[in-house]
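The values are calculated or read from the model by the stated rules, or taken from the named source; none is laboratory data. Keep in mind that this is a model prediction, so the values were computed, not measured. Reconstructed Cβ throughout: ideal geometry from the backbone, glycine too, with neighbour counts over all protein chains shown.
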Amino acid sequence: MSVPVLLIHGGAGGDGPWGGPTKLDPGRIDCMTIILQEVGRALERGEISALQAVTIAVQIMEDEPLFNAGRGSVLDAQGDISMDASIMNGPDGAAGACAGLKNTKHPIALARHLLDNGWPVIMIGEGAEEVGRKAGLDMVESDWLKTDLRRAQWSKWQATKGRPGSTDEDDNAQSPLLDHDSEIERAPAGTVGAVALDVDGEMAAATSSGGMTGKPPGRIGDSCLIGAGTWADGRVAISCTGIGEAYIRTAAARRFSDLYELTDMTLADVGDRVLEEVAPLGGRGGLIALNSHGEFILPFHTTLMYRGVWANGRITTDIGPDSTREKGKS
Ligand code: ASP
């Protein structure tokens, strides 16, 4: 019997000092708190497995328009939505992933459906959505997924000719006069993820993202790639966030597992190493990870990472740099 743990993130991003919470941040914190309360409690009672916990946690964050996943996903260069998601079960290595979704209300539900089916592991675009439709998953108009905030960030991205992702975390995009830091080049934020350990000592990981504002149509990020943005096995579970290309090139999530298995490094050291390896490739970001003993870390090399922990019945949420830098016992 293990003591369950649930970690969630709502994306990492930003360069330079943290300016404190924006007026939209309380909504993000409330969403994370509800998830940690409800899903954490169910995990503790043994009512749900780690796999169920990460599915539910990510699905609720996909429903929160303030995160960059599901409704509220950022817009690509043409102003369209295209969403990526993946999920992995530690005990048997079962996985499901999907990319380029435009009408699926909950991309993580489609990834989970593929995991449950066993084959194929990853599907893209219309073919993937046809499978979701046949499975009875909720489908929506693409326009419904586009929020005013994301439309404003997209317009600002177009006007400033920024690099992809540069306006993703601009909470003031709708009211330019209030925007004091629109000139700051920022990394994307708002991708969501969860990792969990259940009472049976089993782990799972899940990640879902709309990618980066202004990405070229057809671009696929790390969030839907098993081994890059998501990984779970019998030792660890990991969900990553940051500029996906660097996480893909370093196979970051699987790299985490290998370093943890094959070296004497602590969980915290492995987390730092993985982030140090993605950084030179332009991939500043963060990750959440835990092991089968319930030790956990939530490191990030960006200005902020929306993050939350449920452990031993205690809930912690945070956004900017934290002096305590939540760590488990590692
Ligand atoms: N990793 C995501 C991507 O590159 C973005 C993010 O985590 O914010 O698509």
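Being among the hydrophobic types (A, V, I, L, M, F, W, C), surrounded by 20 or more Cβ atoms within 10 Å (Cβ to Cβ), outside any loop (DSSP other than H, G, I, E, B) and at negative phi: is that true of ILE315 here?
no
Just need a number here: residues in segment 112-144 that are assigned to a helix (DSSP H, G or I), in contact (Cβ under 8 Å) with a residue 12 or more places away in the chain and closer than 25 Å to GLN78 by Cα.
So the answer is 6.
I need a count of the residues in segment 76-108 that are surrounded by fewer than 24 Cβ atoms within 10 Å (Cβ to Cβ), of a type outside the set (Gly, Ala, Ser) and out of contact with any Lys or Arg (no Cβ under 6 Å at 6 or more places or on another chain).
Adding up the residues that qualify gives 7.
Determine whether segment 83-101 contains at least one residue that is among the charged types (D, E, K, R), part of a helix (DSSP H, G or I) and touching a helix residue (DSSP H, G or I) at 6+ places or on another chain (Cβ under 6 Å).
Scanning segment 83-101, I find no residue that is among the charged types (D, E, K, R), part of a helix (DSSP H, G or I) and touching a helix residue (DSSP H, G or I) at 6+ places or on another chain (Cβ under 6 Å), so the answer is no.
Filter segment 191-213 down to the residues that are part of a loop (DSSP other than H, G, I, E, B) and within 13 Å of the chain's Cα centre (by Cα), then identify the one that is farthest from LEU43 (Cα to Cα).
The residue in question is MET212.
Among the residues that make up segment 40-47, is at least one of them surrounded by fewer than 24 Cβ atoms within 10 Å (Cβ to Cβ) and within 19 Å of the chain's Cα centre (by Cα)?
no
I'm trying to understand the selection: among the residues of segment 134-174, which are polar (S, T, N, Q) and crowded, with 19+ Cβ neighbours inside 10 Å?
If the condition is that a residue be polar (S, T, N, Q) and crowded, with 19+ Cβ neighbours inside 10 Å, then GLN153, SER166, THR167, ASN172 are the ones that fit.
In segment 235-254, what count of residues is obtained for those that are in a strand (DSSP E or B) and either within 13 Å of the ligand (Cβ to nearest atom) or within 14 Å of the chain's Cα centre (by Cα) (or both)?
Qualifying residue count, segment 235-254: 6.
For segment 71-91, give me the residue count where each residue is within 12 Å of LYS105 (Cα to Cα) and either more than 14 Å from the ligand (Cβ to nearest atom) or among the polar types (S, T, N, Q) (or both).
3
Is it true that some residue in segment 261-273 is away from the ligand (no atom under 16 Å from the Cβ), assigned to a helix (DSSP H, G or I), more than 21 Å from GLY14 (Cα to Cα) and in contact (Cβ under 8 Å) with a residue 40 or more places away in the chain?
Yes: segment 261-273 contains one or more residues that are away from the ligand (no atom under 16 Å from the Cβ), assigned to a helix (DSSP H, G or I), more than 21 Å from GLY14 (Cα to Cα) and in contact (Cβ under 8 Å) with a residue 40 or more places away in the chain.
In segment 175-214, what count of residues is obtained for those that are surrounded by fewer than 24 Cβ atoms within 10 Å (Cβ to Cβ) and modelled with pLDDT under 95?
Number satisfying all stated conditions: 12.
From the list LEU267, LEU275, exactly one residue is out of contact with any Cys (no Cβ under 8 Å at 6 or more places or on another chain) and within 24 Å of ALA50 (Cα to Cα). Which is it?
Going through LEU267, LEU275 in turn, the sole match is LEU267.
Starting from segment 219-233, keep only residues that are closer than 15 Å to ILE81 by Cα and within 14 Å of the ligand (Cβ to nearest atom), then list their pairs with residues that are assigned to a loop (DSSP other than H, G, I, E, B) and among the aromatic types (Phe, Trp, Tyr) whose Cβ atoms are within a distance under 6 Å, requiring at least 6 positions of separation or different chains.
Taking only residues 6 or more apart or on different chains, not a single pair turns up.
If you scan segment 274-298, which residues turn out to be in a helix (DSSP H, G or I) and either of a type in the set (Lys, Arg) or in contact with a Leu (Cβ under 8 Å, 6 or more places away or on another chain) (or both)?
VAL274, LEU275
Just give me the residues in segment 1-16 being out of contact with any strand residue (DSSP E or B) (no Cβ under 7 Å at 6 or more places or on another chain) and either part of a strand (DSSP E or B) or modelled with pLDDT under 90 (or both), in sequence order.
Within segment 1-16, MET1, ASP15, GLY16 meet the criteria.
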